[in-house]
1. Among residues belonging to segment A:1-39 that are within 16 Å of ligand 2 (Cβ to nearest atom) and exposed (fewer than 15 other Cβ atoms within 10 Å of the Cβ), point out the one that is nearest to B:VAL186 (Cα to Cα).
2. Looking only at residues in segment A:140-163 that are in a loop (DSSP other than H, G, I, E, B) and open to solvent by 20 Å² or more (accessible area, probe 1.4 Å), which one is nearest to A:VAL102 (Cα to Cα)?
3. For segment C:310-332, state whether one or more residues are open to solvent by 60 Å² or more (accessible area, probe 1.4 Å), modelled with pLDDT under 95, assigned to a loop (DSSP other than H, G, I, E, B) and not assigned by TED's automatic domain parsing to the domain that holds C:TYR284.
4. Looking only at segment A:64-94, count how many residues are within 16 Å of ligand 2 (Cβ to nearest atom) and part of a loop (DSSP other than H, G, I, E, B).
5. Considering only residues that are within 16 Å of ligand 2 (Cβ to nearest atom), open to solvent by 10 Å² or more (accessible area, probe 1.4 Å) and free of Cβ contacts under 8 Å to residues at least 60 places away in the same chain, which ones fall in segment A:164-187?
6. Which ones in segment C:200-227 are within 11 Å of chain B (Cβ to nearest Cβ) and open to solvent by less than 20 Å² (accessible area, probe 1.4 Å)?
7. Outside any helix (DSSP H, G or I) and touching a residue at least 12 places away in the same chain (Cβ under 8 Å): does that describe C:GLY280?
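The values are calculated or read from the model by the stated rules, or taken from the named source; none is laboratory data. Everything numeric here is computed off the predicted structure, so don't read it as measured data. Cβ sites come from the backbone with ideal geometry, for glycine too, and all protein chains shown count toward neighbours. The area values use the complete protein model at the heavy-atom level, side chains included, leaving out ligands, DNA and RNA. Shrake-Rupley method; radii C 1.70, N 1.55, O 1.52, S 1.80 Å.
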Amino acid sequence: MSAILEVTKVGKRFGGVEAVRDLSFSVAQGEILGMIGPNGAGKTTVFNLISGVVEPTNGRIVFDGKDIQGKRPDQICTAGIARTFQTSSLLSGMSARENVHVASLFRREKGGRTADQITDQALALCGLTGIAAKQTDQLTTSEQKRVEVARAYATGARLIMTDEVVAGLNGVETDQILDILQGINREGITLIFVEHDVRAVMRVSHRLVVLAEGTLLAEGDPQVVARSADVIRVYLGSRYADAR
Amino acid sequence: MSEIIEIIIFGTLRGAIFALAAFGFSLVLGVLGIVNFAHGVFVVLGALITWSLTAQIGINIVVASLIAAGSMGVLGVFIQKVFIDRVFKLHPLMILVQTFGVAVVATQLAELAWGGGERSLKVEFPGPALLTIGDIYIPTWDIVIFVISLIAAGVLVMIMQMTPLGRAVRACRDNIDSASLVGVDVGRVFLITMGICGIWSGLAGALVITLKPTGPYMHFFWTLDAFLVVVIGGMGSISGALIGGFLYGIINFAAYYYLPNQAPAIIFATLIALLMIRPQGLFGLGTTVRK
Amino acid sequence: MSKKTMAIKRRTFLGSAMGAASMVALGAPAIAQRKTVHFGASLPLTGPYEKVSKVYKDAYDLWTQTVGGKVSVGGQDADVKWTIYDDENKAARTAELTERLISSDKVDCIVGTYGTDTVLAQGAIARKYERITMQAGAASARVDEQIGGHTTFTLIGPSRNYPTLAIDHLAKQNPKPKTMAIITMDDPVYQEFAAGAIADAERHGIKIVLNEVLPMNTQDLRPTVLKIKRAGDVDIIYNTGWDLICIKLIQECVALDVNPKAIVGGHLTTNPVVKETLKGQLQYIYGITNWLPQMAYKDKYYANCQAFADKFQATYNYAPTYHAAMAYAIPYIYQHVIADGSEGDPLDSKIMRKRIAALNNLESVWGPIKFNDKGRILTPGVPVLQWQGTDPKVVVLAPDALANGKDLYPMPAFNKRG
Ligand SMILES: Nc1ncnc2c1ncn2[C@@H]1O[C@H](COP(=O)(O)OP(=O)(O)OP(=O)(O)O)[C@@H](O)[C@H]1O
Ligand SMILES: [Mg+2]
């Protein structure tokens, strides 16, 4: 399996905070890479770095053989990387459909389809056809999350990064969205899946990386990694700290 | 009673042109999040270019208006590319200062070209000069301008609702980061927004000069008017600006009718009151203030 | 108490300075040689009076060009030098700039600014230094009351009298006008115009049905004209405002089909922009003007007003308004009084003041120059004109001495002119 994304010795400082430090990992074409880590570990920052929202202080990010660090978000998006947000980032003045439609407008490969066809397909894939006309502020959390996914999908991305896409959902809703993601993955789209919900991570991930304090703590087979003593200590430790 | 009706009719007629001049201002405020102090320059230059093309070169006024509007579109793109874009990431105050500077320089240049005085165009319009509704006389030309303004508003609404371009502009108005992450080239949208702003404001200018004498120095009044329209109607939305324009026209007309000497104070007091009751404007999209 | 000491000190000081000056005058065969005569002024070059300020500035400049940049001071040639600041139409700024003109620039002749409050501020400072100023920009009676005669000489007639000839003239028309609406700009001078117009109208039994006071930056005259329309029968609409107000007033009268017997466009209908904009609509409109190129005044350099107007037009590429002739006359008068060195330093304020006050109909393109004891020019009233013809031209109707045509009265309705 060849790597679609390679992150090499990437670092990011925010003033005094070193959010990501000397981080290297790669994602293979077609896999679902789970990414876990305690609060503040740097997961969202990694997404921000890859998607061009923030520029790395140092290091290289190679997507599909090309350097993308320092490129603008829209350039990275049209190059083939899309993401969802931890907190909803939907366009509030628009309907669910329009949100997805905007995403389909600027994609490179339309495969002979119109933006409308792409939009409809993305909506159908995410089970949104019935509520496509709803304004975003009238959507349930679950619907919002699925619009985010549909939108990422509609950009024609070959790599989609989801940031806590099941947070706040109940069991049924979680299963629904995981099914959708696995369906997307079956089309050959690579996923990076950031999640606190360990059950969800274990269910979908082919491989797992664990971040702590901006660096890579462990990586490998999900079952093995999750049982590693380091991971349990860091992860549970932080969970307890949260509880306090 | 018919007094009030007349005030509402005339205020609304005037309001249409205020609205037309404010659409671009509202869009730029919504999308780029900036208050463009050079906004009125589009209006007065649009007016003066129309004047030159018609009165000096003899081009048909319809064509002249379109050329003037188009060149204001180009100017909008130019101002965005050469000035605003360069300071966009700096403090918002810098953009204010800069657009103010652009306004001053543009006015100076316009004064070199057209002199400091006012110009105006008289349009010979076939048909009766006045229409009567009951005992109310309404100048036909005012109605023509009103209709043109409405059509221009309609076209803009269609562009915003139906075209990819409009979607992209609206996406940026909502959330720039989110738009750029689904592939919208924000820089280009900014350019297009300023271009649209220039075109529509330039068209407003082309109409204005057929209504009243217009000189380069008047740019600031237009910036202020556009600003007030947007305060009333709420920023970012075209229909908000349209209704804001009508209301502003009526408030303005009523104030100058009943208490002319206190009119500026009354207008501002009304606006302050409005802002206190509904800070986002009557029809504001609400969430988009960035700078 | 300390104020008193100061005053005494100042007087002593001035006294000895005077003494020194006269000793020089006695000792030398002529007064100390002057290489330059320095004229100083401020003008509201930015702000609402920007345009008229430019006319003043150009007229001052035309005078300098006309005299070839040199004047005679007590029989000796001296170069003319000007310092003109922008006072932004702010009184405090004008005071500060006048201080600067007197104390650091050391100007010899202070030339007026434009606008009542600024002229008063300028005069107050000049008075402090016992200097004189000559101004053409403030018609207000407050100038006469506060600084007239001792400090300031004024080349423009009193604003109270602006409308008098016009209203006297209209009152004689047949059918006699019975009602009048006035448009007043919210500024002291315009208020004085309006007060004058109201008093004159009432003297003739003409009823004021509306006196509409408008803010200075009024953009739209339609509310005003609608109000006039709704006021019922209005025989005269009298505009005290400037050219742009006149234009908008007439445009709105046309738009709403408001047809009084006469519209008086005010004192600036002869500004070119008015006719350029209104074209045929200017027909039948009355105006008043202190000055027209057709008038038969002259000075040392120009055989008549037309020659002056032509020169101005050729130099600055626009036709001069009355402001130009008036502004040009200021340095011209100074030039006249400083040429004579027989009574000591001709640039000394006391001597200048005495000579200006003594002028007895000095010929100028602005007309004969003679001041009353308040320093106000003595004028016979402001002539009345009417625009006539489909390509409207000025016809002077009053006073009789200047009249060159007959009234077209009452004005036909705008929509019945074919
Ligand atoms: N724009 C920013 N400016 C300053 N500090 C930031 C910024 N973004 C992130 N950080 C800091 O970087 C660190 C990593 O944050 P990040 O949001 O990437 O963690 P995370 O793993 O996504 O956490 P969570 O699980 O809570 O979402 C934190 O200490 C955070 O405060
Ligand atoms: Mg996060």
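1. Looking at the filtered set, the residue picked out is A:PHE14.
2. If we take residues in segment A:140-163 being in a loop (DSSP other than H, G, I, E, B) and open to solvent by 20 Å² or more (accessible area, probe 1.4 Å), then A:GLY156 is nearest to A:VAL102 (Cα to Cα).
3. yes
4. 6
5. Correct list: A:GLY168 only.
6. C:GLU212, C:LEU214, C:PRO215, C:THR218, C:LEU221, C:ARG222, C:PRO223, C:THR224, C:VAL225, C:LEU226
7. The answer is no for C:GLY280.
Residue-by-condition table, conditions (1) away from ligand 1 (no atom under 13 Å from the Cβ); (2) touching a Ser or Thr at 6+ places or on another chain (Cβ under 7 Å); (3) closer than 23 Å to A:GLU173 by Cα:
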residue	(1), (2), (3)
A:VAL194	no, yes, yes
A:ARG207	yes, no, no
A:LEU211	no, no, no
A:GLY214	no, no, no
A:LEU217	no, no, no
A:ALA226	yes, no, no
A:VAL231	yes, no, no
